[in-house]
Amino acid sequence: MGLLINLSLFQFCLNKTCWEEDELSSLLFKEEQNQLLYSVQTDGNLAKARREAVEWVLKVNAHYSFSALTALLAVNYLDRFLLRFQFQSEKPWTTQLTAVACVSLAAKVEETQVPLLLDLQVEETRYVFEAKTIQRMEILVLSSLQWKMNPVTPLSFLDYITRRLGLKDYLCWDFLRRCDHILVSVISDSRFMCYLPSVMASATMLHVVDSVEPSLGVEYENRLLGILGIDKDKVNECRELIMESETTRVFEGNESKKRRFSFVPGSPTGVIDVSFSSESSNESWAVASSSVSSSLEPTSKKSRTREMLSTH
């Protein structure tokens, strides 16, 4: 009887190892397939627009206490969409509209309670879009991303690694919370776009371990890199960027106490009729502007006028 139990336990452990290896192989394959092969660094206007859009997404995420995964999904959708569509700096509202659609879609994927589309537009948004305009944008994003709304993210690897390392209980929860915080805090920096999710997850975990228990850093690094089999140099490079980003945030946080940040208000005046097309050769936006009218809508919460974009 004891021998049968031992054999059954051995078979269970063997199957568990096979499942884990298959899961890791699947994660590594998917992240390679979906790697973003461009850098916004070469386009200063795009980098600035992306940063503003991501920072707004993070404010909405914090406002509604959405999960870290919701934030990462929204930014992933945004980046993949920007990869396909030509950015037009003369139409800054396009990136904002995309950000609204992406955070709405991410919330629908991950959250159990999703605010109304108009209610999502909080936290100093420069433009306000009607619900039907956002819905049309959601359809365009879904179509452009081929309805692939569950990509591999750094959190996919965090979950996998914590299970492989046998981390659990409250200490594990606190560890993951710290990792979530770091990942969310750095995603507005376009320099992190060149790192695969596995590298981001590894660098983040090692950074947290080193900050909490430096003496365990080398041990966990060896175990972690042994499990994932990824480039140590890339991980260390990403860790250095995380540390640099943290230092920058501390400095900017101190500076923000001296002055209040505010968006430059958008200028004109009218209702813009927005239509979307992905049929053209360069897959750029197709925008038809109607005649300017006086239909500006005041916003009592912000005590200022916002531009109203609608589709008729």
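The values are calculated or read from the model by the stated rules, or taken from the named source; none is laboratory data. These numbers were taken from a predicted model, which means no experiment stands behind them. Please note: Cβ atoms are built from the backbone with ideal geometry, for glycine as well, and neighbour counts cover all protein chains shown.
Can you give me the ranges of the helices (runs of 4 or more DSSP H) entirely in segment 163-235 with at least 3 residues that are charged (D, E, K, R)? Steps first, please.
Details: elements: 169-186, 197-212, 217-228.
Counting at least 3 such residues, we get 169-186, 217-228.
Can you tell me which residue within segment 45-104, out of those that are over 14 Å from the mean Cα position of the chain (by Cα) and β-branched (V, I, T), is nearest to P151 (Cα to Cα)? It would help to see each step written out before you state the result.
Of segment 45-104, the ones over 14 Å from the mean Cα position of the chain (by Cα) are 45-49, 63-65, 83-97.
Still in the running and β-branched (V, I, T): 94-95.
Details: T94: 23, T95: 21 Å.
My answer is T95.
Which members of segment 1-44 meet the condition of being modelled with pLDDT of 85 or more and within 18 Å of the chain's Cα centre (by Cα)?
L27, K30, E31 - these are the residues of segment 1-44 that are modelled with pLDDT of 85 or more and within 18 Å of the chain's Cα centre (by Cα).
If we keep just the residues of segment 122-160 that are free of Cβ contacts under 8 Å to residues at least 24 places away in the same chain and polar (S, T, N, Q), which is farthest from A62 (Cα to Cα)?
Q146
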